[in-house]
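Reading through the structure tokens given below for one structure.
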Amino acid sequence: VAADDFSGARESLATAVSVDPGYQAARVAQIELELRDKKPTRALELAEALRAENPDSAVAAMLAGDAYVAVGARAKAVAAYRDALDREKNSTIAVRLHNVLVESGDIDAATAVLENWLKDKPDDNNVRLVLAGTYLAAARLPDAIRHYEVLLAAAPGNPVLLNNLAWAYQEIGDDRAVAYAEKAYEKVPDSVPIIDTLGWILVQRCNAARGLELLQHASAIAQQASAIRFHPAD
């Protein structure tokens, strides 16, 4: 696989499975190989076979979910991921379920998955970061702010958190927007999203001249000659 010899990898895994059909690591690797090689239909066949033989396996259900996502069957992916999560409380499964629900346009269900996860695992800031980003993208700003503030308390000075909080504060008219944007800019003065955020906030609030200068600087860095883009940091 590392050498992009997918045919050789496929043959090697097939040999391993023929020697020991119950060797789950090889069965899992087969599915992951087919997904990586953009053969989702074959991946789904293998995943469902593994799932049928191991009905209590969260891994088999999760891989079936991955394959259903790859073939565009989102409803079946949701069902497979929910089955996997019922069998094993695992943040990777929870995030994958959340992601496919977002892709399906069901933001409420997607955020509910991660909110429920955080009730039991309040210190899981990787999950909290995903959830905060979803709320921000959906313009559910009070919810985004609630989670970003928790994250920033755990990682004071993080420029992405400062930037995204500044953006959200600005959108709801909170006066902390300028201070947070300035702090983010002090940390990473060459980040286009961070320069954009500070520039836009300054234009809107208190210093249009400096704000415009920053926006033009961001545009030059990003080599965007036709327009200035305004967006939170990734």
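The values are calculated or read from the model by the stated rules, or taken from the named source; none is laboratory data. All figures in this text were calculated on a predicted structure; none of them were measured in a lab. No Cβ is skipped: glycine too gets one built from the backbone with ideal geometry, and neighbour counts run over all protein chains shown. Quick note on the areas: whole protein, heavy atoms, side chains included, nothing else; ligands and nucleic acids left out. Shrake-Rupley method; radii C 1.70, N 1.55, O 1.52, S 1.80 Å.
Which is more than 16 Å from the chain's Cα centre (by Cα) and at pLDDT 95 or above, of Asp86, Asp106, Asp124? First the steps, then the outcome.
Values: Asp106 fails: more than 16 Å from the chain's Cα centre (by Cα); Asp124 fails: more than 16 Å from the chain's Cα centre (by Cα).
After applying the criteria, what remains is Asp86.
Assess whether Gln24 counts as being touching a Ser or Thr at 6+ places or on another chain (Cβ under 9 Å) and more than 19 Å from Val100 (Cα to Cα). Give the steps one after another, and end with the answer.
On the way: touching a Ser or Thr at 6+ places or on another chain (Cβ under 9 Å): yes; more than 19 Å from Val100 (Cα to Cα): yes.
Criteria met by Gln24.
Looking at Val100, is it touching a Lys or Arg at 6+ places or on another chain (Cβ under 6 Å) and of a type in the set (A, V, I, L, M, F, W, C)? Walk me through it before giving the result.
Details: touching a Lys or Arg at 6+ places or on another chain (Cβ under 6 Å): yes; of a type in the set (A, V, I, L, M, F, W, C): yes.
In short, yes.
Could you give every pair whose Cβ atoms fall below 7 Å, whose first residue belongs to segment 33-44 and is surrounded by 17 or more Cβ atoms within 10 Å (Cβ to Cβ), and whose second residue is assigned to a loop (DSSP other than H, G, I, E, B), counting only separations of at least 6 or pairs across chains?
What qualifies is Leu33/Val1.
Could you check segment 87-109 and list, in sequence order, the residues that are over 27 Å from Asn54 (Cα atoms) and either assigned to a helix (DSSP H, G or I) or among the β-branched types (Val, Ile, Thr) (or both)?
Going through segment 87-109, the residues over 27 Å from Asn54 (Cα atoms) turn out to be 102-109.
Result: Val102, Glu103, Ile107, Asp108, Ala109.
Take segment 134-146 and flag every residue that is open to solvent by 60 Å² or more (accessible area, probe 1.4 Å) and not in a loop (DSSP other than H, G, I, E, B).
Answer for segment 134-146, where residues must be open to solvent by 60 Å² or more (accessible area, probe 1.4 Å) and not in a loop (DSSP other than H, G, I, E, B): Ala137, Pro142, Arg146.
Pull out all pairs, ordered by first then second residue, where Cβ-Cβ is under 8 Å, the residues are six or more apart or on different chains, the first lies in segment 107-136 and is free of Cβ contacts under 8 Å to residues at least 60 places away in the same chain and more than 10 Å from Ala94 (Cβ to Cβ), and the second is part of a helix (DSSP H, G or I) and of a type in the set (Phe, Trp, Tyr).
As it stands, the answer is Thr111/Tyr135; Ala132/Tyr148, since those pairs meet every condition given.
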